[in-house]
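Note sheet for the following structure.
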Amino acid sequence: MSELHAQTVPFVRDSMLPQELPPASQRGAVKWVRENLFSGPMNTILTVLSLLVVFLILQSSLPWWLNSVWNANSLAECRAAVQAMAGEGATGACWAVIRERWHQFMFGFYPRGLYWRPVLAFALLFVALAPVLFGDNARKRMILLACVAVALVLALIGVGTDLAHVSFAIVAMAAILAVSHLAPARLIWATLLFPAVGFFLLWGGSVWGPIGVLMGFGVLVAVYRLLLPMLGVVMGTALGFLAACVWWLMIQTHVTTVLHNLMPWGLEAIDSDQFGGFLLAFTIGVTAIAASLPLGILLALGRRSDMFLIKTLSVGFIEFIRGVPLITMLFTASLLLQYFLPPQTNFDLILRVIILVTLFASAYIAEVVRGGLAALPRGQYEAADALGLDYWKAQRHIIMPQALKISIPGIVSSFIGLFKDTTLVAFVGLLDPLKGVTAIVRADINWKGIYWEPYIFVGTIFFLICFGMSRYSMYLEKKLKTDHR
Amino acid sequence: MNETIDRPIDTSHMQVSDEVAIQISQMNKWYGTFHVLRDINMTVQRGERIVICGPSGSGKSTLIRCINRLEEHQAGQIVVDGTELTSDLKNIDKVRSEVGMVFQHFNLFPHLTILENCTLAPIWVRKTPKKEAEEVAMHFLRKVKIPEQANKYPGQLSGGQQQRVAIARSLCMKPRIMLFDEPTSALDPEMIKEVLDTMIALAEEGMTMLCVTHEMGFAQAVANRVIFMDQGQIVEQNEPREFFNNPKSDRTKLFLSQILGH
């Protein structure tokens, strides 16, 4: 009888086998460890070595973290406290320096009594961002706004704000929450007005200055509406912008002076050199991020334009900016730019830095967006054309939503880089949190010789912010993923 | 000859009017120095259904893409619905909103739902109120037999469904002329039929259609005229029965023997 025949003997199963678990070595934690840590000799050696490295790092740094001292007035007191706690020769972190100087890391030399202004501005920043970040998700937006409201009140009390301003903030946030609940579309006004409100809160001065600038935009819109039926979109926008420039450069000062004399409302003016720490980093970073995205998109479109002059100018601008180090741009901002302006114009240093950082970032954004545009199949442009959409409508509804979605990781990378690069303003004498404020703290006789703690503190805050941006971009990518590839 | 058309099409009621829909005269086009279209002369009456065929590279796609200015012609004249195509953007936009186009690769907008794909142009070009645009879109989606997919994204649909959405999207603009650029070439054989059925239904309603296709069954069933192109020129045109049974030019005979021979 052949082997083959033995296998063809008729067979009928009379009892079904029940399901069983895999053997103990093939499931759960044991399986995971075997597969991921000890799958072979090489892998086992690497695992042991890594564990050793982790152990050594912990062995040398853990006591330092565990022996942290929070209450002391100088580094010497810190050291004494560590010795008393852990014995001779022990090391310990001296977080007392953060406890004593946190306000400088946060606000620089901003007057202590006025901390409620940057705190309120920071909270309003999130209100302004809410419709942009979670425009279509009412629940998430409400959660964000509620958290901001609670955090704002706690922070205001934390920085020692008087009751009047805390109650003002509570009322303002309650109003915003109500608007968000009842008329979410109206919330976009908070976003549009935020630049003026934020500026007014941070720098103070007469209330009529920011209002005057806003009126310039009013002029732009009014002229545009007036001319639209006669001259079309492009000419309407151009002339509207021209009229607004005339307003800003020639008329505004006179009008605001008159208004200020009639109604001298305002907040105490703060000088730019009192800004510092994360307040400075946020002022520069947020403004530059918000301004560089639209500018970058326009540059990317310009670079792909059929119009020779626009294309050449865009390419020239992008390549020039990308070819120059940021520090050069900052020096230009602090030193050279003044030469090109009429004498006696007092052009704020922070503003100059913001403008050049914005230009710098926009060149990078432009290239990232160009990558997204190039990734779109030509058929998308053709379909938009064939349906009769004009250039701007096609860009707005078809091209940009897709190109920006593709570019999200690159754009957010640029933003993160930009935000971290704000520390470079230390080179033009501004008080950035990393070098500027830390140098001041370390120059204090009480804290001379301290170096890990301030850098770890500042680094942690930067990490949290950048990590947050990165997470948000991943959320956005997931939300916008509709192509089901 | 072609099993995808399985029902007899009654073309007797598909009246062709005397009104001229498209007039092309002495039209020439170059890509760089390459002469793609040479002396094209062609008149399309309203309600006519024209099939354009020819070997690849013969300029047939380029020709219909010139009709809505996706390609620019360098000499001669194209008049669509009384509007001449020049570099004047206003005329181009006017023509494009009157002429629907269906592409080989569908070109649906992947970031929008089917319904949004169909309502986008009516809302932003025709300024139709959103609600009305949605009603119109659902009407045409029912017509192409996929109303139940309205809230899905294009990536979730099969090729044939996507192409039918593309047809519905064009129809939502209420075009007077439809251009089809090899609408079934990227589809599986099974899906070709559902798209052709949609096109036949459109033809039966009297739509002016220009169709670049290799579906000779479709040409025989619905076309009033077949145009054969080679090397950027119109080589032969005739009504379908004559064209297929009694081709005049040697080039046409060769082409027909190659595509119908097997």
Can you spot the aspartates and glutamates whose alpha carbon is less than 17 Å from B:Lys127's alpha carbon? Ignore those fewer than 8 places along the same chain.
A:Asp385, A:Asp390, B:Asp93, B:Glu98, B:Glu116, B:Glu135
Förster-model FRET efficiency, 45 Å R0, A:Glu477 and A:Ala183, C-beta, rounded to 0.05
0.95
How many nm is it between the label spots at A:Leu214 and B:Asp93, if each spot is 7 Å from the Cα in line with the beta carbon?
3.3 nm
Need the full-extension length gain, A:Tyr451 to A:Leu226, defined as separation in residues times 0.36 nm minus the C-alpha distance. One decimal, nm.
74.9 nm
Could you derive backbone 3J(HN,Hα) for segment A:182-192 from the dihedral phi with the Karplus parameters 6.51, -1.76 and 1.60 (θ = phi - 60°), listing whole Hz in sequence and x where the residue is Gly or Pro?
8, 9, x, 5, 5, 4, 5, 5, 4, 5, 5
Averaged across orientations, what area in nm² does the convex hull of the alpha carbons in chain A project?
41.2 nm²
I'd like the accessible area for A:Arg34: 1.4 Å probe, protein heavy atoms, all chains in place, Å² to the nearest 10.
130 Å²
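From the helices alone, meaning DSSP H stretches of at least four residues, give me the mean residue ellipticity at 222 nm for chain B, per-run term -39500 (n - 2.57), in deg cm²/dmol to the nearest 500.
It lands at -11000 deg cm²/dmol.
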May I ask you to list the lysines whose Cα is less than 20 Å away from that of A:Lys478, ignoring any residue fewer than eight positions away on the same chain?
A:Lys140, A:Lys405, B:Lys152
For a label point 7 angstrom out from the Cα of A:Thr253 toward its Cβ, which stretches of segment A:184-225 have the backbone nitrogen within less than 19 Å?
A:205-217
When the distances between all Cα atoms of segment A:82-125 are binned every 10 Å from zero, what whole-number percent does each bin get?
23, 32, 20, 16, 9
Reachable aspartates and glutamates from A:Lys31, criterion Cα separation under 17 angstrom, eight or more residues apart if same chain
A:Glu20
For segment B:41-106, give the percent of accessible area contributed by carbon and sulfur heavy atoms, probe 1.4 Å, rounded to a whole number.
45 percent
Would you mind checking which residues have amide H under 5 Å from A:Gly205's amide H? H placed 1.01 Å from N; only 5 or more apart, or other chain.
A:Leu267, A:Glu268, A:Ala269, A:Ile270
Give me the accessible area buried between chains A and B, both sides summed, with a 1.4 Å probe, in Å² rounded to the nearest 100.
2000 Å²
Here the FRET efficiency for B:His35 versus B:Lys130, based on Cβ atoms and R0 = 35 Å and rounded to 0.05, is 0.15
Accessible-area order for A:Trp65, A:Trp392, largest to smallest, probe 1.4 angstrom, reads A:Trp392, A:Trp65
At 1.4 Å probe size, with every protein chain present, just tell me what the per residue accessible area of chain A comes to in Å².
57 Å²
Go through segment A:242-252 residue by residue and turn each phi into a ³J(HN,Hα) via Karplus (6.51, -1.76, 1.60, θ = phi - 60°); whole Hz please, and just put x for glycine and proline.
4, 4, 5, 4, 4, 4, 5, 8, 10, 9, 3
Set A:Lys393/B:Lys90; A:Lys479/B:Lys131; A:Lys311/B:Lys94 screened for pairs whose C-alpha atoms are more than 19 Å apart:
A:Lys479/B:Lys131; A:Lys311/B:Lys94
For segment A:390-485, Rg(Cα) over 2.2 N^0.38 Å is 1.60
Lys, Arg +1 and Asp, Glu -1 on Cβ, resulting dipole of chain A about Cα centre, debye, nearest 20:
640 debye
Using a 1.4 Å probe and ignoring any ligands, DNA or RNA, find the accessible area of A:Lys479 and quote it in Å² to the nearest 10.
80 Å²
Sequence-distant residues sharing a close amide H with B:Asp230 (under 5 Å, placed H)
B:Val235
Report P(r) for segment B:95-201: all Cα-Cα distances, bin width 10 Å, range 0 to the bin holding the largest distance, values in whole percent.
17, 52, 29, 3
Residues with amide H under 5 Å of B:Phe180's amide H, sequence separation 5 or more or different chain, H placed in the peptide plane at 1.01 Å from N; which?
B:Val102, B:Leu210, B:Cys211, B:Val212
Please give, to one decimal in nm, the separation of the simple spin-label points placed at B:Ile200 and A:Asp136, each 7 Å out from Cα toward the Cβ.
3.9 nm
How much of the accessible area of chain A, in percent, comes from carbon and sulfur atoms when a 1.4 Å probe is used?
71 percent
Cβ neighbours within 10 Å from other chains - mean over B:124-134:
1
HN-Hα couplings for segment A:383-400 via Karplus (6.51, -1.76, 1.60; θ = phi - 60°), in whole Hz with x for Gly/Pro, come out as 5, 4, 4, 5, 7, x, 6, 7, 3, 5, 5, 4, 4, 6, 9, 10, 6, 4
If I measure Cβ to Cβ between cysteines in chain A, which ones have no partner under 4.7 Å?
A:Cys147, A:Cys245, A:Cys466
To the nearest 0.05, the calculated FRET efficiency linking A:Leu298 and A:Arg34 through their beta-carbon distance, R0 being 56 Å, is 0.50
Give the carbon-plus-sulfur fraction of the accessible surface of segment B:145-205 in %, rounded to a whole number; probe 1.4 Å, heavy atoms of protein chains only.
44 percent
Restricting the count to DSSP beta bridges whose residues both fall in the protein assembly as shown, what percent are antiparallel, rounded to a multiple of 5?
55 percent
Is there a quick way to get the dipole size of segment B:20-148? I mean about its Cα centre, with the Cβ of Lys and Arg at +1 and of Asp and Glu at -1; what is the value in debye to the nearest 20?
180 debye
Segment A:252-343: projected area of the alpha-carbon convex hull, averaged over directions, in nm²:
9.6 nm²
Need one number: % antiparallel among DSSP beta bridges in segment B:166-245, to the nearest 5.
50 percent
May I ask you to work out the translational diffusion coefficient for segment A:134-253 at 10 °C, viscosity 1.306 mPa s, via Stokes-Einstein with Rh from the Kirkwood sum over Cα pairs, reported in whole µm²/s?
93 µm²/s
In deg cm²/dmol, rounded to the nearest 500, the helical mean residue ellipticity at 222 nm of chain A, built from -39500 (n - 2.57) for every DSSP H run of length 4 or more, is -23000 deg cm²/dmol
Expected field for B:Phe244, accessible surface area in Å² at 1.4 Å probe radius, rounded to 10, holds 20 Å²
Just how large is the dipole of segment A:352-397 about the Cα centre, in debye to the nearest 20, putting +1 at every Lys and Arg Cβ and -1 at every Asp and Glu Cβ?
180 debye
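The values are calculated or read from the model by the stated rules, or taken from the named source; none is laboratory data. Everything numeric in this text was worked out from a predicted model, so none of it was measured. Quick reminder, even Gly has a Cβ in these numbers, built from the backbone with ideal geometry, and neighbours come from all protein chains shown. The area values use the complete protein model at the heavy-atom level, side chains included, leaving out ligands, DNA and RNA. Shrake-Rupley method; radii C 1.70, N 1.55, O 1.52, S 1.80 Å.
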